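Trainee: The structure's right below; bear with me while I get my questions together.
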Amino acid sequence: MPRDTLTADRIVRAAIELLDDEGLDGLNMRSLAKRLGSAATAVYWHIKTKDDLVRLASDAIWHEVELPDLDATDWRTAATAHASGMHAMLTQHPWLVQAFGSHLLHGPGQARHNDLSLAIYEKAGFAAADADWAAATVFTFVLGSALGPAAQVSLNRRLRKNGADAEQLMADAMTRATETAMQFPRLRERLDTTAATEYAAAPDNTFAFGLQSLLDGFEARLTADRASRRE
């Protein structure tokens, strides 16, 4: 494909697809060029380094997160929608969780969400410094909650290398983990009763539970602050 048929946007979109399929370790200019039907040298004309490519790809997917309208909703509904949107995006693109620890990420896509986060908690009634802490706390929680699914994708990809049966390997590991858990009373109780299904599903509900608990804490803090100012 001639160089002038490529654009930075096309390259970034293809990079996101490749990252979703292969993870950070699978991203290289040669594989990307093959996906684009081009030559690696043509890609370099538009984006100079792999680090630049990861930065641009990571910023692009922030635009997938819908921004709640703060003029049309209360702060807590906005906070829930925003955090849930971030969590869904990170779960859909698990490589971004890994990229936060290995690349310098910045750009307008991420910045607009950082700005919105501050606006949400300022609307709630936090002073500027406290809004910074609230926004950072929620983001850290969202990122941590997405780590499990991201690690699972990475693990499955690694297990499947060389034709291994990832599902069987996972099943064998879960069997051994259950045998170990049965040696401990609280784990044994949960695995030994009709609540075992609910216990196994608990991670699916952990994000919603944790987020609402955080927002409960913020609301209690704001209520206490308002009460102390009236005294």
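Every read-out reported here was derived from the displayed coordinates using simple, explicitly stated rules and does not represent laboratory data. Keep in mind that this is a model prediction, so the values were computed, not measured. No Cβ is skipped: glycine too gets one built from the backbone with ideal geometry, and neighbour counts run over all protein chains shown.
Trainee: Report, in debye and to the nearest 20, how large the dipole of region 1-127 comes out about its Cα centre when Lys and Arg carry +1 and Asp and Glu carry -1 on their Cβ.
Mentor: 500
Trainee: Modelling each spin label as a point 7 Å along the Cα-to-Cβ direction, I'd like the residue 191/residue 228 distance in nm, to one decimal.
Mentor: Output for this residue pair reads 4.6 nm.
Trainee: Based on DSSP H runs of at least 4 residues, each adding -39500 (n - 2.57), what is the mean residue ellipticity at 222 nm of the chain after dividing by all its residues, to the nearest 500 deg cm²/dmol?
Mentor: Calculated at 222 nm, the ellipticity per residue is -25000 deg cm²/dmol.
Trainee: What are the ³J(HN,Hα) values, in whole Hz, obtained from phi via the Karplus relation 6.51 cos²θ - 1.76 cosθ + 1.60 with θ = phi - 60°, for each residue of region 88-103 in sequence order, with x given for Gly and Pro?
Mentor: Listing the rounded values in order: 5, 5, 5, 6, 6, 10, x, 5, 5, 4, 5, 5, 4, x, 10, 9 Hz.
Trainee: On to the next question. Output wanted: per-residue J couplings in Hz (rounded whole) for region 132-141, from phi through Karplus 6.51 cos²θ - 1.76 cosθ + 1.60, θ = phi - 60°, x for Gly and Pro.
Mentor: 4, 5, 4, 4, 5, 5, 5, 5, 4, 5
Trainee: Further question on the same structure: At 7 Å along the Cα-to-beta-carbon direction for both residue 212 and residue 9, put a label point, then send me their distance in nm to one decimal.
Mentor: Roughly 4.1 nm, to one decimal.
Trainee: Given R₀ = 22 Å, what would the calculated FRET efficiency be for residue 220 paired with residue 100, taking r from the Cβ atoms and rounding to 0.05?
Mentor: With R0 = 22 Å, the Cβ-Cβ based efficiency is 0.15.
Trainee: Can you work out ³J(HN,Hα) from phi for every residue in region 178-189, in order, using Karplus 6.51 cos²θ - 1.76 cosθ + 1.60 and θ = phi - 60°, giving whole Hz and x for Gly and Pro?
Mentor: 5, 4, 5, 4, 5, 7, 10, x, 6, 5, 4, 4
Trainee: Can you order the peptides 178-185, 118-125, 7-14 by their average number of other Cβ atoms within 10 Å per residue, highest first?
Mentor: Highest-to-lowest ranking by the protection proxy: 118-125, 7-14, 178-185.
Trainee: Next question. What is the ratio of the Cα radius of gyration of the chain to 2.2 N^0.38 Å, with N the residue count, to two decimals?
Mentor: 1.26
Trainee: Which net charge results for the neighbourhood of residue 16, defined as the other residues with beta-carbon distances under 13 angstrom from its beta-carbon, given Lys and Arg at +1 and Asp and Glu at -1?
Mentor: Its environment carries a net charge of -3.
Trainee: For residue 118 and residue 76, calculate 0.36 nm times their separation in residues minus their Cα-Cα distance, and state this gained length in nm to one decimal.
Mentor: Contour length minus Cα-Cα distance gives 13.8 nm.
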